[in-house]
Amino acid sequence: MPPSPNTAPAAHSATTRAFVQWIRSAAPYIYALRGKTIVIAFGGEVVADETFLGIVHDLNLLHSLGMRLVVIHGSRPQIEAILAQQNIENRYAGGLRITDAETMDCVLEASGQVRARIEAMLSLGIANSPMAGARIRVSSGNFITAKPLGVIDGVDMQLTGEVRRLDTEAIQQRLDDGDIVLISPLGYSPTGEIFNLSLEEVATQVAVRLPAHKLIFLMETEGVRNGRRQLMTELSTRDADALLASLRGKLAPDVQHYLPCAIRACDNGVKRAHLVSRHLDGALLLELFTRDGVGTMIAANALAHLRNATIDDVGGILQIIEPLEEQGILVRRSRERLEMEIERFVVAEHDGAIIGCAALYAFPDERVGELAALAVHPDFRREGYGEALMKEIEVRARKLKLEHVFVLTTRTSQWFLERGFRNATIADLPKQKQALYNYQRKSQVYRKKL
């Protein structure tokens, strides 16, 4: 018998609710990355690990969501294993392998093994698995023209080379055809020579020359940590350079290795670079589709240029907030009131123009503050300025020793819930704010602990 229409559906489990919430919160990131080119680089140790299947599943998912993937692999541990088997000396100079003809044979064998394993894993289509129904084409080829690295500090690097030219047209064509492009760290010369290249050099050059939207390095550690061992979730290239200089020799070896490449990529047109742990299951998905990610993101410039508002910014702020006031999203503020309260405001500026604002109204006796007038120009709402303004208000609230911030909103409750705010009541507001509460607007109250 079908259930009565008045019968309430069974309550979702906590796991189901969390899944639904995660999918919904991931949707804007998926939409923003669809059609974008992402370069993902990892060493041969990733391929050799039994957890590689999870990464393959995630690559399959990213591909199915419309992202254009270029995968670049290394093969150092595989090369070293073959060298050991054949009793060939393993020689390095300046962190790079010295590649003679005998070593090159081992490089080619190892690279072929790794490439074949990746292609085989991406070809999985087992029923009842994350790859079920997948029809992924993988394209490899002689995309890289290379030249010899030459003599460095008196050491002839022989067949170790560097990227000279990249066939970006061929790569773009494969991506247009819906393929995943797989690139080995090998380059070829017009005279038929083969050169052994470094993974990080190839990844950086490919990301810059395509150009890619993102460059992701999977590595041993979870990201970049500062001198206090705190994970830095975001860094501008300028701040990253300063961190490298101040902590040289103290950073994790793979951070010391990959961070300069991430900086170089972002300073040359790649929008974002990410350093992410290969050991965390689902790290690619968590880094790309959650607000805070799980590693370190590097960008050429800070996500937003924020500063204190001045009286000269009043006109620009009004242009931002007036359309939202007309829609009933923000409470109306007159120019006179705005001028009187301008010191409470922070503005986001882009190329000399005000493109966002927010204000902090403090209630120090109750150790709480109001986040008010948060608004961003429509053209910049996908660029992260709203979140940057919110975080700046939180920083200022902490400096005032406030313990909570609250917000009153009629239309944007989900945005605040996704950023750590929780439902509250009018009774949770400061007494002064309770007295001024507008019951006609029926604003919802949300509160966040700092």
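The values are calculated or read from the model by the stated rules, or taken from the named source; none is laboratory data. A quick note: this is a predicted structure, and the numbers were derived from the prediction, not measured. Glycine also receives a Cβ, built like all others from the backbone with ideal geometry; neighbour counts cover every protein chain displayed. What goes into the accessible areas is simple: the full protein's heavy atoms, side chains included, and nothing from ligands, DNA or RNA. Shrake-Rupley method; radii C 1.70, N 1.55, O 1.52, S 1.80 Å.
Of the residues making up segment 152-188, not one is touching a Gly at 6+ places or on another chain (Cβ under 7 Å), under 15 Å from Met104 (Cβ atoms) and surrounded by fewer than 20 Cβ atoms within 10 Å (Cβ to Cβ).
Would you check if Leu65 is open to solvent by less than 20 Å² (accessible area, probe 1.4 Å) and either within 15 Å of Leu288 (Cβ to Cβ) or at pLDDT 95 or above (or both)? Spelling it out, it is not the case that Leu65 is open to solvent by less than 20 Å² (accessible area, probe 1.4 Å) and either within 15 Å of Leu288 (Cβ to Cβ) or at pLDDT 95 or above (or both). Note on segment 391-450: residues that are in a strand (DSSP E or B) and either open to solvent by less than 70 Å² (accessible area, probe 1.4 Å) or closer than 15 Å to Ala372 by Cβ (or both) amount to 12. Do we have any residue at all in segment 344-365 that's basic (Lys, Arg), more than 19 Å from Val314 (Cβ to Cβ) and open to solvent by 10 Å² or more (accessible area, probe 1.4 Å)? No, because not a single residue in segment 344-365 is basic (Lys, Arg), more than 19 Å from Val314 (Cβ to Cβ) and open to solvent by 10 Å² or more (accessible area, probe 1.4 Å).
Considered as a group, the residues in segment 75-113 that are basic (Lys, Arg) and within 33 Å of the chain's Cα centre (by Cα) include one that is surrounded by the fewest Cβ atoms within 10 Å (Cβ to Cβ), and that residue is Arg76.
Residues that are open to solvent by 20 Å² or more (accessible area, probe 1.4 Å) and hydrophobic (A, V, I, L, M, F, W, C) within segment 234-250 comprise Ala242, Leu243, Ala245, Leu247, listed in sequence order. Output the number of residues of segment 11-54 satisfying the condition of being over 30 Å from Gly112 (Cα atoms), modelled with pLDDT of 90 or more and open to solvent by less than 70 Å² (accessible area, probe 1.4 Å). The qualifying residues number 2. Selection within segment 272-325: residues that are among the polar types (S, T, N, Q) and assigned to a loop (DSSP other than H, G, I, E, B). The member of this set that is nearest to His350 (Cα to Cα) is Asn301.
Answer yes or no: is there a residue in segment 60-74 that is among the hydroxyl-bearing types (Ser, Thr, Tyr), closer than 27 Å to Ile171 by Cβ and over 20 Å from the mean Cα position of the chain (by Cα). Within segment 60-74, not a single residue is among the hydroxyl-bearing types (Ser, Thr, Tyr), closer than 27 Å to Ile171 by Cβ and over 20 Å from the mean Cα position of the chain (by Cα).
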